[in-house]
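The values are calculated or read from the model by the stated rules, or taken from the named source; none is laboratory data. Please read all numbers here as calculations on a predicted model, not as lab measurements. A quick note on method: Cβ atoms are made from the backbone with ideal geometry, for glycine too, and the neighbour counts reach across all protein chains shown. To get the accessible areas, we keep the full protein, side chains included, count just its heavy atoms, and leave off ligands, DNA and RNA. Shrake-Rupley method; radii C 1.70, N 1.55, O 1.52, S 1.80 Å.
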Amino acid sequence: MTALTKAATGLAAVAAAGLGAVAWAAAETRMFTLREVTVPVLPVGQPDLRVLHISDLHLTPSQHDKIAWVRSLADLAPDLVVDTGDNMAHVGALPPLLHALEPLMGIPGAFVMGSNDYFAPSFKNPARYLRADARLSGVIKEPVRLPADELAAALSAAGWKDLTNRRDVVVADGRRIALVGVDDPHLDRDVFPASEGDAGDVDLRMGVTHAPYVRTLDQMHDDGAEIVLAGHTHGGQLCVPFYGALVTNCDIDRGRAKGLHGWPGPRPDQPGGDSSTWLNVCAGLGTSPYAPLRFACRPEAVLVTLTSSR
């Protein structure tokens, strides 16, 4: 075999591997996964409380398999549903989104908005995510607006708590949970709500945000949240096996791109984590229609079982 033939063979092998990786990454977007975690935060002696954390559906009307999978999550019979935003990826997504969420909307719930609840996605240079701030761009284009107000009205009508720069209390399985949430920090729409004094006798304090920016996590930690739920990162979306996320699309570190962690230090159940807040970052269920790929980062919802701290 000549050197030229060897080189051609090598290039062909690399090309085949690349095509295979792209094909797998496209298929992985439909490999919906339920991640389950247990968090010991409830008062001593209380029974478990099951929280379904969904995020980043980025739904388009044609995604029937995703719609069916989300509807099936009601079979888990959670006590509380928390939606951390970026639900829509198409101007016609609201009716199919509400159909997807309909079996869950009879369960106590809470929500915040992400950028892709307000504005439809558009094509962006993927290299921008390697910048320190992926939002920076020299191109200013009027975004296509999405029906965020209609979505908020429908979820609120179902009894879900709108945490857009707000505090509220939700009762789930007889437990009172004090909630604090912010509008999307990625759009700089977050205004941390002032304390309203004693929320009364509550069993848990929870923070909810779409994007886990450091400033927001610090505010929720300082406010006394015992657990914070966030999305936005897609878990890195394109990850390296045994290494993890390359980017987070915000200023949180790559090690916390998805999964159950502590903030600002180690997890509370690990050495040095005594003063930390529990943090669950959901890798989400979708992608932008302009980047319909996931690699080593399957789309997920998370069932968070809150249990007694002793």
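Counting only protein chain heavy atoms and rolling a 1.4 Å probe, the accessible areas of LEU76, LEU97 rank, largest first, as LEU76, LEU97.
Using the Cβ atoms and a cut-off under 15 Å, what net charge is assigned to the surroundings of ASP222, where Lys and Arg are +1 and Asp and Glu are -1? Walk me through the numbers on the way to the answer.
Details: positive: ARG167, ARG205, ARG215; negative: ASP190, ASP218, ASP223, GLU226.
Computed value for this residue: -1.
Label zone of ASP218 (point 7 Å out along Cα→Cβ, amide N under 17 Å): in region 160-193 this covers 185-186, 188-193. What the phi angles of region 170-187 give under the Karplus curve with 6.51, -1.76 and 1.60, with θ = phi - 60°, is a coupling list of 10, 9, 10, 6, x, 9, 9, 10, 7, 10, 9, x, 9, 5, 4, x, 5, 9 Hz, glycine and proline written as x. Computed from phi, the 3J(HN,Hα) profile of region 295-309 under the Karplus parametrisation 6.51, -1.76, 1.60 (θ = phi - 60°) reads 9, 6, 7, 5, x, 8, 10, 10, 9, 9, 8, 7, 10, 4, 6 Hz, with x in place of Gly and Pro. Taking Cβ atoms as reference points and 9 Å as the exclusive limit, the residues near PRO299 contribute a net charge of +1, counting Lys and Arg as +1 and Asp and Glu as -1. What helices does the chain have that are whole DSSP H segments, at least 18 Å long along their own axis by Cα, and with mean Kyte-Doolittle hydropathy of 0.5 or more? Answer set is 3-28. Each Lys and Arg contributes +1 and each Asp and Glu -1, all at the Cβ; summed about the Cα centre of the chain, the dipole is approximately 1260 debye.
From the Cα gyration tensor of region 155-198, with a ≥ b ≥ c the square roots of its eigenvalues, which class applies: rounded if a/c is under 1.5, or else prolate if a/b is larger than b/c, or else oblate? All intermediate terms of the calculation are to be shown ahead of the outcome.
Working: a/c = 2.81, a/b = 1.47, b/c = 1.92.
Verdict is oblate for region 155-198.
Figure note: VAL208, VAL171 ranked by solvent-accessible area, largest first, 1.4 Å probe, ligands and nucleic acids not counted: VAL171, VAL208.
Among residues other than VAL171 with Cβ under 14 Å from its Cβ, the summed charge is -2 (Lys and Arg +1, Asp and Glu -1).
Relative to the current alpha-carbon distance between ALA157 and LEU246, full extension at 0.36 nm per residue lengthens the span by 28.1 nm.
One Cα centroid belongs to region 202-250, the other to region 153-172; the line between them spans 20 Å. Around the amide H of GLY262, modelled in the peptide plane, lie the amide H atoms of ARG267, LEU279, all under 5 Å away and 5 or more residues distant in sequence or on another chain. Length available on full extension from ASP269 to THR305: 0.36 nm per residue minus the Cα-Cα distance, which gives 11.4 nm.
What FRET efficiency comes out for the pair HIS64/TYR290, r = Cβ-Cβ distance, R0 = 22 Å, nearest 0.05?
Working: r = 20 Å, r/R0 = 0.92.
According to the calculation, E is roughly 0.60.
Near the amide H of LYS161, under 5 Å away, which other amide H atoms are found, from residues 5 or more places off or on another chain, if H is placed in the peptide plane? Excluding prolines and chain starts, which carry no amide H, the hits are GLY109, ALA110, PHE111.
The simple Förster model, with R0 at 25 Å and r as the Cβ-Cβ distance, assigns ASP253 and ASP188 a FRET efficiency of 0.75. Note on VAL44: accessible area approximately 110 square angstrom, rounded to 10, probe 1.4 Å, nucleic acids and ligands left out.
A protection proxy built from the mean count of other Cβ atoms within 10 Å ranks the segments 154-160, 181-187, 256-262, most packed first, as 181-187, 256-262, 154-160.
Mind checking region 213-310 for chymotrypsin sites (Phe, Trp or Tyr not before Pro) that DSSP puts in a loop (not H, G, I, E or B) and that have at most 10 other Cβ atoms within 10 Å? Mind dumping the intermediate values first?
On the way: sites: TYR213, PHE242, TYR243, TRP278, TYR290, PHE295; in loops: TYR213, PHE242, TYR243, TYR290.
Those that pass, being in a loop and sparsely packed, are PHE242, TYR243.
Express in nm, to one decimal, how much length is gained between SER72 and LEU98 on full extension, taking 0.36 nm for each residue of separation and deducting their alpha carbon distance. Please report the intermediate quantities before stating the final value.
On the way: separation 26, 0.36 × 26 = 9.36 nm, distance 1.38 nm.
Working it through step by step, the gained length comes to 8.0 nm.
With the helix formula -39500 (n - 2.57) applied to DSSP H stretches of n ≥ 4, the chain reaches a computed 222 nm mean residue ellipticity of -6500 deg cm²/dmol.
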